[in-house]
1. Need a quick list: helices (runs of 4 or more DSSP H) entirely within the stretch 10-107 having at least 1 residues that are modelled with pLDDT of 90 or more.
2. Could you tell me whether E127 is assigned to a helix (DSSP H, G or I) and either of a type in the set (A, V, I, L, M) or within 22 Å of L67 (Cβ to Cβ) (or both)?
3. Within the set of pairs 6+ apart or on separate chains, which have a first residue in the stretch 166-185 that is under 18 Å from I152 (Cα atoms), a second that is charged (D, E, K, R) and at pLDDT below 90, and C-beta atoms under 7 Å apart?
4. Take residues that are at pLDDT 90 or above and either assigned by TED's automatic domain parsing to the domain that holds I29 or surrounded by fewer than 20 Cβ atoms within 10 Å (Cβ to Cβ) (or both) and tell me which of the helices (runs of 4 or more DSSP H) falling wholly in the stretch 137-191 contain 1 or more.
Amino acid sequence: MTTETNVLNPHKWVAAYADYLYMYAIVRINDEDLAKDLVQETFLAALEKVNRFEGKSTERTWLTAILKNKIIDVYRKKSSGLAIASANRAAQEQDEFFEEDNGHWKAEYAPHPIAAMDEQDPLLKKELNSILQKCLQKLPALWNAVFIMKHIDDAPTENICTELHVTQANFWVIIHRAKVNLRACIQKNWN
């Protein structure tokens, strides 16, 4: 029985993977220039690490893993020093929106239902995605990073806490506040 190993072909990386890697980055970073830079940095880092490629994954998977690490570095840089301040501010604001004894919404802050959307309508999906991206940009950098890693990348909580240097208690406060802010922003901007 022979096992086939994947072989790298750096000469074809740009043509084969640049668009995919760019789309991966732009969804997580939402900055065209930075996304392009990260893809270029990914290719350069991969060239430097060619001899470490073991062939256990495809080129695309390997390049995506390198890009993912570069994106996490961006999240760290954007959020360094903000973790404690953001979590403390979020905890204080949480008292403003929720009943202390049961954690339910205070009546004046309870969210309004969002209008139903025909899931088959691509224009509505595109409009909602555009609003979501704008709302994500308004979040503090740390909140944005935590939300994207949790709900777009589906990363485990422990990994997010380790990568972004936040405690689990801070993580849950941050994720909650990000959701509250996103919902409010979407409600304000969705017709």
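1. Output list reads 13-29, 32-48, 59-79.
2. Taking the combined requirement at face value, the residue does not satisfy it.
3. Within 7 Å, the pairs are R177/E93.
4. Output list reads 141-151, 157-164.
Conditions tested, residue by residue: (1) within 28 Å of N144 (Cβ to Cβ); (2) surrounded by fewer than 17 Cβ atoms within 10 Å (Cβ to Cβ); (3) not assigned by TED's automatic domain parsing to the domain that holds C135.
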| position | (1), (2), (3) |
| --- | --- |
| A18 | yes, yes, yes |
| I26 | yes, no, yes |
| D31 | yes, yes, yes |
| V39 | yes, no, yes |
| L44 | yes, yes, yes |
| K49 | no, yes, yes |
| E54 | no, yes, yes |
| S57 | no, yes, yes |
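The values are calculated or read from the model by the stated rules, or taken from the named source; none is laboratory data. Worth saying up front: this structure is predicted, and the values here are computed from it rather than measured. Neighbour counts run over all protein chains shown; Cβ positions are idealised from the backbone, glycine included.
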